[in-house]
Amino acid sequence: MAQFQEVSKLSSQHPKPPGLVLQYGTAGFRSNAKHLDHAMFRTGLLATLRSKKTKATIGVMVTASHNPEEDNGVKLIDPMGNMVTAEWEGYATQLVNAEQDDLLIVLKDIIEKETVNMSQEANVFVGKDTRSSSVSLSQAVLDGVLALSGHNYGLVTTPQLHYMVCCQNTQGKYGEPTVEGYYRKLCQAFIQLIKNASNCTDDQKHLSVDGANGIGALKLHEMESHVKSELQISVFNDGSKGKLNYECGADFVKMQQKPPTGMEMSPGERCCSYDGDADRIVYYYTDSEGQFHLLDGDKIATLISTFLKELLTQVGLDLKIAVVQTAYANGSSTRYLEDTMKVIVRCTKTGVKHLHHAAQEFDIGVYFEANGHGTVSISETDPHSSKRKRAAQLLQNTINVINQTVGDAISDMLLIEAILAIKGMTVQQWDAIYTDLPNRQLKVKVADRRVIDTTDAERRAVSPAGLQEAIDSLVKKYKLARSFVRPSGTEDVVRVYAEAETQESADALAHEVSLAVYRLAGGIQTTHVSWKAKGVKMLAI
């Protein structure tokens, strides 16, 4: 076939480095940018097959999110704006890892297994972030898509591409499939919501945003004119200087528990940080004594679910609302939601695709990872239920400000700002809803992360033998303690999480569990000093 001849011709311009193996993880392929040219080309091929198979538009986003600037990555977006199915993740891994001479064999095998009609028209939307490598790598994707109606959206946030793919495949029912349409829908809904807030001062309308020197900062500047009257945004780390995600961004703030470099903060001022591709958000402030306070994904999920439950109660509507968390959720948040708010809490494996699917099982599913990646999923209303129709009308502005396709820092920010304004709540009052248990995250470098296997939504280790028993024994030494370990999805490290009644106890527990992982799971010695406790150097070994 002429198509396969074209694949062979273009593939030679994007050769695979011999022996290189990449795994399609929770966020697609991700690595140093210099290793990804062939992966981008082949992802373009697979996106075209997926489009032909589904008879729908498929998205391809070139980004490495919160990773350092020298990295890049790529992931596929399915027709409704969600992550590609697990089966096609497997095809992606097979295709990208096929040696050069075997590429057509693997490609034809996928076509045969999925009975893809190669004469079916394909449509692929391609987006990219602000990394310098994204220009050439997105072109490699387009080369893979070839002449099959690919569309290059250029610079967009990851959530914006998810949104536009969904709009395209719903024939505009979800919204207009353009960046401008995205701004109009979200911002008009935000302004309608804000009308329910009374006597907001200019100080209360002001928000400082750390753009992580990424695409989110550019898009915030584009959006400002749509919300200028109701939300006054000061953008820091806007890409005019500084490196992407370097000492800034949501991941840095969450992991380091301190403000980003380059952010000007006054005591009590409301601030937030995006990550590099603007699909994560965390809030924070400093108090009058200069102490830093973080409001992460757990606090965000609690604020949103509380607001939605109160709204449903006011209209007398009995819908099943749930909050979906991962093992990283702070224990205090889980207890508050279950014991005080009486909200269903579901725990899933790490990765937004797992949370998203779980959230869709409920009428309203609020899901956020502790790192600030999440959104709200709202089931379709029953057209035969007048009660649901009324609720849909009352909830319409809230629904429209939410990007239901995927976690979206801009959408989440607008929703949070609207809720705080409507409830007349300061960031300090929000923070005081419950008090986080002190916690610590470390990572242990190992020879092979696959030796770690987990169960119970990654909260317990099945292998190697003796590891879970060692963790259980260590946890018993501390009050209100828990700890778990899980293998990284992208590198040979094991991630360790611990929480306890005091920070000193959480630090000590994390260190002791890290030593157990090192001893039982084939740890590799490093000399990186991660943090200090009581004057003693503690290593993330």
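Please work out how much length the chain gains when fully extended from residue 228 to residue 100, using 0.36 nm per residue of separation minus the C-alpha to C-alpha distance, in nm with one decimal. Provide the component values of the computation, followed by the final result.
Details: separation 128, 0.36 × 128 = 46.08 nm, distance 5.25 nm.
Result: 40.8 nm gained on full extension.
How much mean residue ellipticity at 222 nm does the chain get from its helices, if each DSSP H run of length 4 or more adds -39500 (n - 2.57) and you divide by all residues, to the nearest 500 deg cm²/dmol?
Working: 18 runs with 209 residues, N = 541.
So the calculated ellipticity at 222 nm is -12000 deg cm²/dmol.
P(r) tail for the stretch 1-155, what percent of Cα pairs lie past 19 Å?
46
Go ahead and run the numbers for FRET between residue 264 and residue 525, Cβ-Cβ distance against an R0 of 35 Å, rounding to 0.05.
Computed FRET efficiency for residue 264 and residue 525: 0.30.
If you find the alpha carbon centre of the stretch 395-450 and of the stretch 28-56, how far apart are they in angstrom?
Using only Cα atoms to place each centre, the spacing works out to 30 Å.
With a sphere of radius 10 Å drawn around the Cβ of residue 299, what net charge do the other residues whose Cβ falls strictly inside it have (Lys, Arg +1; Asp, Glu -1)?
Working: positive: none; negative: 296, 298, 431, 436.
Net of charged neighbours comes to -4.
Looking only at the chain, where both bridge partners belong to it, what percent of the DSSP beta bridges are antiparallel (to the nearest 5)? Before the final figure, lay out the partial values.
On the way: 44 of 71 bridges.
DSSP beta bridges in the chain are roughly 60 percent antiparallel.
Treat every Asp and Glu Cβ in the stretch 181-293 as -1 and every Lys and Arg Cβ as +1, leave all other atoms uncharged, and give the resulting dipole magnitude about the Cα centre to the nearest 20 debye.
Charge dipole of the stretch 181-293: 380 debye, to the nearest 20.
Let a ≥ b ≥ c be the square roots of the eigenvalues of the Cα gyration tensor of the stretch 181-293; is it rounded (a/c under 1.5), or, if not, prolate (a/b larger than b/c) or oblate? Numbers along the way, then the final one.
Working: a/c = 2.17, a/b = 1.26, b/c = 1.73.
Oblate shape, in that a/c is at least 1.5 and b/c is the bigger or equal ratio.
From the cross-link list 342/445; 55/243; 9/128; 55/185; 299/477; 75/243, which pairs have alpha carbons spaced over 32 Å apart?
On the way: 342/445 40 Å; 55/243 40 Å; 9/128 25 Å; 55/185 26 Å; 299/477 28 Å; 75/243 23 Å.
Violating the 32 Å Cα-Cα cut-off are 342/445; 55/243.
Assuming R0 = 60 Å, what is the FRET efficiency of residue 257 and residue 117, from their Cβ-Cβ distance, to the nearest 0.05?
E(calc), rounded to 0.05, equals 0.70.
What does the net charge come to around residue 105 if you take all other residues with beta carbon closer than 15 Å to its beta carbon, with K and R at +1 and D and E at -1? Could the numbers behind the result be given before it?
On the way: positive: 16, 42, 108, 113; negative: 99, 101, 102, 109, 112.
Local net charge: -1.
Report the net charge of residues surrounding residue 196, where surrounding means a beta-carbon distance below 14 angstrom and charges are Lys +1, Arg +1, Asp -1, Glu -1.
Surrounding charge for residue 196 is -1.
Heavy atoms only, probe 1.4 Å: what % of the accessible area of the chain goes to carbon and sulfur, would you let me know?
Working: 10800 of 22240 Å².
On the chain, the fraction of accessible area on carbon and sulfur atoms equals 49 percent.
Report which label in [x] 68, 59, 49; [y] 110, 54, 38; [z] 110, 51, 40 holds the value of Cα extents along the principal axes in Å derived from the coordinates of this structure.
[x]
Tell me, which longest segment in the chain has none of the trypsin sites (Lys or Arg not before Pro) that fall in DSSP loops with at most 13 further Cβ atoms within 10 Å?
On the way: sites that count: 55, 173, 195, 228, 241, 320, 342, 476, 477, 479, 534.
By the stated rule (loop sites, at most 13 other Cβ atoms within 10 Å), 343-475.
When the distances between all Cα atoms of the stretch 113-205 are binned every 5 Å from zero, what whole-number percent does each bin get?
Computed distribution, short to long bins: 3, 11, 16, 16, 15, 13, 10, 6, 4, 3, 2, 1, 0.
Might you report the magnitude of the Cβ-based charge dipole of the chain about its Cα centre, with Lys and Arg at +1 and Asp and Glu at -1, to the nearest 20 debye?
Working: 57 positive and 64 negative charges, 126 e Å.
With Lys and Arg at +1 and Asp and Glu at -1, about 600 debye.
Defining a contact as two alpha carbons under 8 Å apart and six or more residues distant in sequence, what relative contact order in percent does the chain show?
Relative contact order, the chain: 11 percent.
Convex hull volume of the Cα atoms in the stretch 439-537, per residue, in Å³?
Details: hull volume 9.1 nm³, N = 99.
Expressed per residue, the convex hull around the Cα atoms of the stretch 439-537 is 92 Å³.
The values are calculated or read from the model by the stated rules, or taken from the named source; none is laboratory data. Predicted model, so just to flag it, every value in this text is computed and none were measured. In this analysis, Cβ positions are derived from the backbone assuming ideal geometry, glycine residues included, and neighbour counts consider all displayed protein chains. Calculation scope for accessible area: heavy atoms of the full protein, side chains included, ligands and nucleic acids excluded. Shrake-Rupley method; radii C 1.70, N 1.55, O 1.52, S 1.80 Å.
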